[in-house]
Amino acid sequence: MANERYNAPVNEKRWQKIWDERQTFRTTEDKSKPKCYVLEMFPYPSGRIHMGHVRNYTMGDVLARYKKTKGFNVLHPMGWDAFGMPAENAAIERKIHPAKWTYENIAAMKSQLKSMGLSLDWSREVATCNPDYYVHQQHLFNDMLAKGLAYRKTSKVNWDPVDQTVLANEQVIDGRGWRSGALVESRERMQWAFKITAYAEELLDALKTLEKWPEKVRLMQENWIGRSEGLMVRWQLDAATAPVGHSELEIFTTRPDTLYGASFMAVAPDHPLAKIAAENSKSIAEFCDECRRMGTSVADIEKAEKRGIDTGIKARHPLDPTWLVPVYVANFILMDYGTGAIFGCPSGDQRDIEFARRYGLPIVPVVVPKDDPARTQALAKIHEGTAYDGDGVMINSRDLNGMAPKAAFETIAAKLEKLRLGNQPVATRKINYRLRDWGISRQRYWGCPIPVVHCNTCGIVPVPAHELPVQLPDDATFDVPGNPLDRHPSWKHTNCPKCNQPALRETDTMDTFVDSSWYFARFTAPDAKTPIDATAAKYWLPVDQYIGGIEHAILHLLYSRFFTRAMSATGHLPKTMAEPFGALFTQGMVVHETYKSSSGSWLLPTEVVFEGEGDARKATEIATGQPAEIGSIEKMSKSKKNLVDPDDIIAHYGADCARWFVLSDSPPERDVIWTESGVAGAGRFVQRIWRLVEEVADGKGAKRGEKKPANFSPEATELRRTTHKALHAVGQNIEGLRFNVAVAQLYELTNATASAIAKAAPDTTWAVREATEHLVQMLGPMMPHLAETCWERLGYNTLLADTSWPATEQSLLIDASVTLAVQVNGKRRDELTVPRDASLADIEKAALALESIIRALDGKLPKKVIVVPQRIVNVVA
RNA sequence: GCGGGCGUGGCGAAAAGGUAGACGCAAGGGACUUAAAAUCCCUCGAUGGCAACGUCGUGCGGGUUCAAGUCCCGCCGCCCGCACCA
């Protein structure tokens with residue numbers, strides 16, 4: 001029946017049910033086919049999906065569905081990053097058990113994701129909070145422990161004394177706990193850590209091999225790892241001033257060439273030497289305490305200010321024992337980097353020059369530009385307090401004078417390596433990394449328990465494999481601050497697996513980044529009895545296309561890369577497996593305009609109406625009739641109310657429409673602006689496709705399966721060319737994730753098909769049928785429900801999801817004639833249509849014969865004619 | 001401060017160094033309709049011209065090239081990371 005609107009909600013539910021029943025998207029492992037593992041970053045089960053999820057999962061789904069039509073075994077799984085703080089907050093605030101809260105959220109979000117019609121293999125679903133998942137994580141942990149990749153160390157943490165918990169850096173706001181508001185203390189605490197630094201070099205080097213990762217992400221990781229080459233230099237302390245038992249101070253420097261410019265040394269407030277000095281001096285102790293207090297983000301307030309205090313200790317210059325340099329404690333020295341101590345060369349380092357000026361220390365230029373006027377300028381700047389850290393030539397540096405800094409570096413390094421202090425070389429070459437080991441201890445309930453026992457006799461004992469999982473107790477309480485596992489009356493009491501004496505369980509749980517560092521591997525065999533099934537992992541990994549937000553550019557992706565190596569080292573993955581994600585794509589956000597009422601409160605997009613355009617565009621608040629302010633376009637957020645609920649859109653326009661819109665407007669790596677009119681446009685397109693298909697099915701096109709004519713009219717051939725060009729281009733653009741361009745090409749094919757029908761040229765019905773069928777097939781990955789419905793309407797009783805991407809007829813991709821632009825002196829003057837294989841001479845002749853070209857030449861003789869076949873003709877006069 | 005990215009119509013955007021603005025949105029005009037919605041057709045960078053057609057135009061200033069949105073140099077603006085890393 002024609003003229004009936006396409007009913008999205010009804011059809012969408014129908015096809016979802018059919019796909020479900022027929023297990024259309026169940027993963028296959030047909031060995032005769034190539035594999036493709038498509039993965040989107042799994043969500044935290046907050047309870048509701050948002051437009052960002054819609055965009056992320058639609059992109060992955062288009063690729064997964066497309067790859068299926070191209071004959072791949074596709075693995076496209078989904079799961080839940082289900083441990084974490086919000087569940088515990090819900091327990092505290094609303095007295096719901098974290099498990100109940102989480103599983104309810106998973107159920108709700110799963111049903112929302114299902115309403116999007118994603119081609120997911122739900123039989124592989126995992127939730128990281130499920131003991132079936134985390135039991136394997138505990139196995140992995142123990143294996144890493146045995147290999148020395150997991151260990152305990154004391155590290156500094158942000159301690160919230162009211163909530164009695166450790167806070168992440170981002171949970172410390174202006175030095176106070178984000179929830180309690182208490183002043184956060186910097187405390188030393190025994191923490192579990194993973195030895196990611198053991199792989200620093202490799203994680204850095206292998207970045208080069210990740211050619212299908214965004215350059216930006218590789219760069220961010222490179223900076224994060226922060227490799228620098230330098231020298232460890234031991235300075236002898238002057239015995240007259242040094243504390244008893246301290247005879248030397250070791251520093252790390254990347255600029256040994258500037259050693260003759262040294263004017264002070266500085267150590268971190270937590271450096272052992274600073275601590276000794278603090279014991280003997282009240283003012284030093286006070287200074288160190290002060291530094292510790294501003295440890296976290298208060299640093300921002302006085303960030304520029306370099307301050308310190310003289311310890312009275314002197315160090316001997318390694319190249320001149322008569323040269324004594326004062327040792328300071330300084331607030332800008334980090335204990336975690338290098339040795340927590342430096343030598344200061346003020347002329348070459350901005351921090352050092354500020355420090356030196358403040359404390360009246362010498363500032364001797366040692367590196368300056370080779371020639372004037374740059375040299376004079378640099379010297380003047382140093383005099384004014386701006387360090388020079390460029391290349392140039394050494395001065396004031398004794399035997400180094402005249403050398404380039406690089407040569408000076410080598411000279412000094414060679415010299416100091418030979419010099420001895422207490423029978424050891426004064427200096428050794430050292431490669432230093434900014435990357436630190438990954439602290440995974442969290443004093444929380446809702447995380448994976450660290451499966452070890454503390455025994456007074458045996459020390460740290462891993463829980464044996466057959467006793468895993470160490471499961472979270474169900475009856476924890478959340479009404480008071482602190483770690484629920486630690487205060488649980490019985491949970492932590494156990495017996496030592498080794499000596500069977502009473503012992504205590506570890507009550508720390510793992511950072512949730514651990515959970516997400518190996519889930520992609522678990523998906524390859526989610527029911528395996530071991531953490532990883534080597535055969536499945538070998539087949540499916542690496543992930544062929546990983547898609548997610550740029551916010552995970554560093555931590556999640558780096559941890560996953562580390563974990564993959566750790567899993568190889570512990571025998572869970574093949575030895576050759578290093579990189580988990582072969583290709584990475586980071587998609588942009590979904591953003592929306594913001595609106596404010598005249599009273600200053602935020603308004604929902606549905607609470608305003610608009611008129612006018614451009615600068616004259618005005619918004620009015622519907623409820624009050626008052627003008628509303630149109631604010632900036634920002635990431636959708638609850639607080640600014642610039643939200644669009646996927647449920648509402650799906651209920652109103654259908655999932656296909658929402659999918660189409662998020663694919664259509666912007667390049668996928670850029671932010672997409674959600675506009676109501678844009679969605680409405682997508683909705684119109686859905687109806688337009690449906691009308692087109694109805695017309696074709698009802699006689700404007702040939703019948704299904706009708707024999708292909710031997711000859712086609714020019715009009716039919718034209719349409720066929722458009723169709724086959726689209727097949728090629730849309731396929732290429734989906735593979736390249738240029739969805740917005742693919743969408744535009746589908747619009748063009750739709751327009752071409754519709755106008756062919758409207759013109760009703762002779763002998764076009766077969767071509768119209770072909771165009772329409774292929775159009776529907778190409779729409780399949782993007783708007784799968786609509787496409788299935790159209791496929792059915794076109795007379796098929798098979799699933800479109802099971803069909804192959806149509807083959808292109810190569811001959812139709814090549815036009816018999818081509819239109820060239822004809823330029824005179826680079827300016828376009830006319831066009832010329834010539835046979836595709838026309839000779840250069842013929843083209844030139846035809847171009848020069850064009851009336852417009854003759855006119856443009858204005859009697860001048862062409863000096864040169866450039867003919868680029870199938871492109872352009874440029875007449876140079 | 002360091003690093004990276006981006007600047008193209010009223011808007012989102014296309015464009016292997018080769019006809020700038022495909023495609024969509026918005027807007028304007030028209031058809032159909034008692035009317036509206038829906039749909040269909042036309043116009044739509046600026047400017048001059050009745051028109052044919054011309055001139056200018058991809059943040060700004062230079063350069064390379066037969067030819068530059070695209071490549072190079074120097075600015076300006078916006079956005080995003082990282083930030084005392086010795």
Practice item. Confirm whether A:W192 is under 30 Å from A:N158 (Cβ atoms) and either part of a strand (DSSP E or B) or touching a residue at least 24 places away in the same chain (Cβ under 8 Å) (or both). Key: yes
Revision key, fill the gap. Residue set A:T339, A:T376, A:T322; condition surrounded by fewer than 23 Cβ atoms within 10 Å (Cβ to Cβ), polar (S, T, N, Q) and within 13 Å of RNA strand B (Cβ to nearest atom); output residue A:T339
Practice item. State yes or no: is A:A566 crowded, with 22+ Cβ neighbours inside 10 Å, out of contact with any Pro (no Cβ under 9 Å at 6 or more places or on another chain) and of a type in the set (G, A, S)? Key: yes
Review point. More than 30 Å from A:R26 (Cβ to Cβ) and free of Cβ contacts under 8 Å to residues at least 12 places away in the same chain, is that true of A:R828?
Key: yes
Review point. Assuming A:V834 fulfils every condition listed in (1) within 9 Å of RNA strand B (Cβ to nearest atom); (2) surrounded by 15 or more Cβ atoms within 10 Å (Cβ to Cβ) apart from one, which condition is it?
Key: (1)
Review point. Restricting the range A:662-686 to residues that are in contact with a Ser or Thr (Cβ under 9 Å, 6 or more places away or on another chain) and in a helix (DSSP H, G or I), which is nearest to RNA strand B (Cβ to nearest atom)?
Key: A:G681
Check your understanding: So A:V818 fits all but one of (1) on the phi > 0 side of the Ramachandran plot; (2) within 16 Å of RNA strand B (Cβ to nearest atom); (3) surrounded by 13 or more Cβ atoms within 10 Å (Cβ to Cβ); what number is the exception?
Key -> (1)
Point to revise | Test for A:R738: is it within 13 Å of RNA strand B (Cβ to nearest atom) and touching a residue at least 40 places away in the same chain (Cβ under 8 Å) | key: yes
Point to revise | Odd one out for A:C499, checked against (1) in contact with a Lys or Arg (Cβ under 7 Å, 6 or more places away or on another chain); (2) within 15 Å of A:P462 (Cα to Cα) | key: (1)
**Study point:** Any chance A:T789 is part of a loop (DSSP other than H, G, I, E, B), more than 11 Å from RNA strand B (Cβ to nearest atom), within 30 Å of A:V62 (Cα to Cα) and not aromatic (F, W, Y)
**Key:** no
Review point. Do we have any residue at all in the range A:634-650 that's in a helix (DSSP H, G or I), of a type in the set (S, T, Y) and under 26 Å from A:T586 (Cβ atoms)?
Key: no
Check your understanding: Got a sec? Which of A:S804, A:S852, A:S811 is polar (S, T, N, Q), part of a helix (DSSP H, G or I) and away from RNA strand B (no atom under 14 Å from the Cβ)?
Key -> A:S811
**Study point:** Among the candidates A:K864, A:K860, residue that is in contact (Cβ under 8 Å) with a residue 12 or more places away in the chain and within 13 Å of RNA strand B (Cβ to nearest atom)
**Key:** A:K864
Practice item. Enumerate the pairs (first residue in the range A:85-113 and closer than 17 Å to A:G482 by Cα; second residue anywhere and buried (at least 20 other Cβ atoms within 10 Å of the Cβ) and β-branched (V, I, T)) with beta-carbon separation below 8 Å, excluding pairs fewer than 6 apart on the same chain, so at least 6 apart or on different chains. Key: A:A87/A:T102
Review point. Looking at this structure, is A:A198 of a type outside the set (S, T, N, Q), within 10 Å of RNA strand B (Cβ to nearest atom), under 30 Å from A:L421 (Cβ atoms) and out of contact with any Lys or Arg (no Cβ under 8 Å at 6 or more places or on another chain)?
Key: no
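Table: residues versus (1) closer than 20 Å to A:V166 by Cβ; (2) of a type outside the set (S, T, Y); (3) over 37 Å from the mean Cα position of the chain (by Cα).
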{"site": "A:V463", "(1), (2), (3)": "no, yes, no"}
{"site": "A:Q471", "(1), (2), (3)": "no, yes, no"}
{"site": "A:D474", "(1), (2), (3)": "no, yes, no"}
{"site": "A:P484", "(1), (2), (3)": "yes, yes, no"}
{"site": "A:P497", "(1), (2), (3)": "no, yes, yes"}
{"site": "A:A503", "(1), (2), (3)": "no, yes, yes"}
{"site": "A:E506", "(1), (2), (3)": "yes, yes, no"}
Check your understanding: more than 15 Å from RNA strand B (Cβ to nearest atom), charged (D, E, K, R), touching a residue at least 40 places away in the same chain (Cβ under 8 Å) and loosely packed, with under 14 Cβ neighbours inside 10 Å, is that true of A:K208?
Key -> no
Point to revise | Residue in the range A:334-355 that is β-branched (V, I, T) and modelled with pLDDT under 90 present | key: no
Study note, to complete from the structure: Checked the range A:55-97 for anything over 28 Å from A:Q171 (Cα atoms) and among the β-branched types (V, I, T); matches are A:T58, A:V62, A:T69, A:V74
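The values are calculated or read from the model by the stated rules, or taken from the named source; none is laboratory data. What you see is a predicted model, and the numbers here were worked out from it, not measured in a lab. Every residue, glycine as well, gets a Cβ built from its backbone with ideal geometry; the counts of neighbours run over all protein chains shown.
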